[in-house]
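Report on the following structure.
The values are calculated or read from the model by the stated rules, or taken from the named source; none is laboratory data. For clarity, every value in this text was computed on a predicted model and none was experimentally measured. All Cβ positions, glycine included, derive from the backbone under ideal geometry; neighbour counts span all protein chains shown. Side chains included, ligands, DNA and RNA excluded: accessible areas come from the protein's heavy atoms. Shrake-Rupley method; radii C 1.70, N 1.55, O 1.52, S 1.80 Å.
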Number of protein chains: 2
Amino acid sequence: MNEINKKPPGRPRSVQSHAAMLQATLEILGEVGFDAMSIDTIAARAGVGKTTIYRRYASKAELVADAIERVREEIVIPDTGRLESDIDALIQSAAQITLSPLGRQTVAMIISSASSNPEFAKIYWTKYLQPRRQAFAVVLERAKARREIQADLDPGLVFDAMSGIMLYASIFQPNPESWTEYVRRALNLLFKGASSFDAEPR
Amino acid sequence: MNEINKKPPGRPRSVQSHAAMLQATLEILGEVGFDAMSIDTIAARAGVGKTTIYRRYASKAELVADAIERVREEIVIPDTGRLESDIDALIQSAAQITLSPLGRQTVAMIISSASSNPEFAKIYWTKYLQPRRQAFAVVLERAKARREIQADLDPGLVFDAMSGIMLYASIFQPNPESWTEYVRRALNLLFKGASSFDAEPR
DNA sequence: CATTTTCGATACGATACAGTTTCGTAAACT
DNA sequence: AGTTTACGAAACTGTATCGTATCGAAAATG
C-alpha cells in the first residue's frame, strides 16, 4: 500500500519544459539579477507558458532556488603531490564559478536577502560550499602528511579565508587575468604568513 | 569675475529637506535593498514631496549613490604599540559597518551591479575602501618598524585579504558575537601563516 | 473512444512604480 | 510691493509585473 508507482492518469508533465524553464531561469538570473527578472521573460525564453511554471512553483523564489540547487558541477579534488599546485588547480576551477555572471548574481542574492530571507544562503552553504569545504580538507590532509603545513591547522578556516579572498577579488578586480594572479599572490601570503617570526598567539 | 558667490534669486533649496531625503534613503536601503525601494516611499519617510527629490536627482541610482557617498565615518588609525591589538581595534570598527543592514545592502548592490553598472563599485572603492587601505598601511608600517611583520610585505594585499575574510564571515556568520571571534581566528591564521616552514615561493 | 491532465497562448484585473504636471503656499531677493 | 524659485500634496499617464482564468490542442490512461 501507499505505493509511489501509481501513475496518475492524464498527460504527464513535460520534462523538457521543466528543464527548459530551469535553464532559462539560470541564464536570465545571470544576465539581469533576481529582482529584475520576470516570470514572463523566463517563460518566453524557455518557450513555455506561464501557466506551466506556476503549476510547478508558487513563487519566483522557489523557482530560482530549485534552479540554483540543480547547478552542481563536479567537485575537483586535485592531487598533484604538492600543495601549491593543488591550490593552483582549485583557483582555476573556482574562477569559472566566481567570475561567472551566474555565480556573481547568486552571491548578490545571498547577501541582500541574508537578513530577510536566509533560505538562499542556507541552500548555497549546504549544497555548494559545504561539500567543497570537505573536499578541500582532503587536500589539506595530504599536505599535512607531506609536512607542508602545520598539523593542527583548521581546514575549514583555511577554506573560508581562501573563499573570502577570492570573493573580494572578484568584486573589485573583475578582470579574469589579473584575478588569477592576484588571488595567487594573496593565497601565497595566507600560507606564508605575514609575521616575521612565530609570535605567541593571543 | 566668474564669482561663485552669486546668490541665485528665489527661495533657496531646503537643506533640511535634502538631509531628510538622504537619511530616509539610507534607512530604507538598509531595510529593503535597492531594487525594492521606491521614490514614493523615500519621499513619504522623509516628509518631502517627490518633486523635491526629482529636482535634485534624475534617478534613483543618483540619489542612492549620493546618499552612500555622504556616509563617511571617521577612519580609525589605531596605535596601541602592538599589531595584534591594532588589528583587534580594526575588527571592532569594521564590525559596525560590515554587520549593519546598510553595509550589507551596499555590498549586495555593488556585487549585483558589478558587471552591468560598475559606477557603484568604483564609488565604493575610491571613496570608502581606498582611504582605509591607506590608513591601514600606516598601521602596518609601524608594525614593520617594530619588526612584527616582514619588511617587504604588501600592505594593500594584507588589507584586501582581511577585508575578504570579514566579508565572507559576514555573509555566512551573521551572528555578531561569533563573527568577531571567527574573524579574529582567521586573521590570526593570516598573520601566522599556514605552512610549517618557509617554502620556496613559486 | 472517453477521460483526465498538461500543454502553450492569450487575455484579464489588480497592483506598484516611475516620472511629470498642476496647484496653492512659502521663502528668499529687488 | 513684486518677482522668482522652492516647497509639499495630489492627480495623472504610462508601463511593468503578478497571478489567475480561459481556450483549443496534445498526450497519456482506461
Considering residues of segment A:15-37 that are open to solvent by 40 Å² or more (accessible area, probe 1.4 Å) and touching a residue at least 12 places away in the same chain (Cβ under 8 Å) only, the residue nearest to A:Thr106 (Cα to Cα):
A:Phe34
A:Ala61 versus (1) open to solvent by 70 Å² or more (accessible area, probe 1.4 Å); (2) among the aliphatic types (A, V, I, L, M); (3) not in a loop (DSSP other than H, G, I, E, B): which is the lone unmet condition?
(1)
Counting only residues that are within 15 Å of DNA strand D (Cβ to nearest atom) and in contact with a Ser or Thr (Cβ under 7 Å, 6 or more places away or on another chain), how many does segment B:59-74 have?
1
Can you find, within segment A:40-58, the residue that is nearest to DNA strand D (Cβ to nearest atom) among those that are open to solvent by less than 30 Å² (accessible area, probe 1.4 Å) and in contact (Cβ under 8 Å) with a residue 24 or more places away in the chain?
A:Ile53
Given A:Thr25, A:Thr98, which one is within 28 Å of B:Ala36 (Cα to Cα) and outside the structural domain of A:Glu141 (by TED's automatic domain parsing)?
A:Thr25
Pairing a residue in segment B:149-163 that is without any contact (Cβ under 8 Å) to a residue 40 or more places away in the chain and more than 7 Å from chain A (Cβ to nearest Cβ) with any residue that is open to solvent by 10 Å² or more (accessible area, probe 1.4 Å) and among the hydroxyl-bearing types (Ser, Thr, Tyr), where Cβ atoms lie under 8 Å and the two sit 6 or more apart in sequence or on different chains, gives B:Ala151/A:Ser196
With the structure loaded, tell me whether B:Thr98 is among the hydroxyl-bearing types (Ser, Thr, Tyr) and within 13 Å of DNA strand C (Cβ to nearest atom) or whether it fails that test.
no
Out of the residues in segment B:11-35 that are of a type in the set (A, V, I, L, M) and touching a Ser or Thr at 6+ places or on another chain (Cβ under 9 Å), state the one that is nearest to DNA strand C (Cβ to nearest atom).
B:Val32
Considering residues of segment A:147-192 that are among the small types (Gly, Ala, Ser) and touching a Phe, Trp or Tyr at 6+ places or on another chain (Cβ under 6 Å) only, the residue modelled with the lowest pLDDT
A:Ala169
Here is a list: A:Thr51, A:Thr98. Which entry is more than 27 Å from A:Ile149 (Cβ to Cβ), out of contact with any His (no Cβ under 9 Å at 6 or more places or on another chain) and β-branched (Val, Ile, Thr)?
A:Thr51
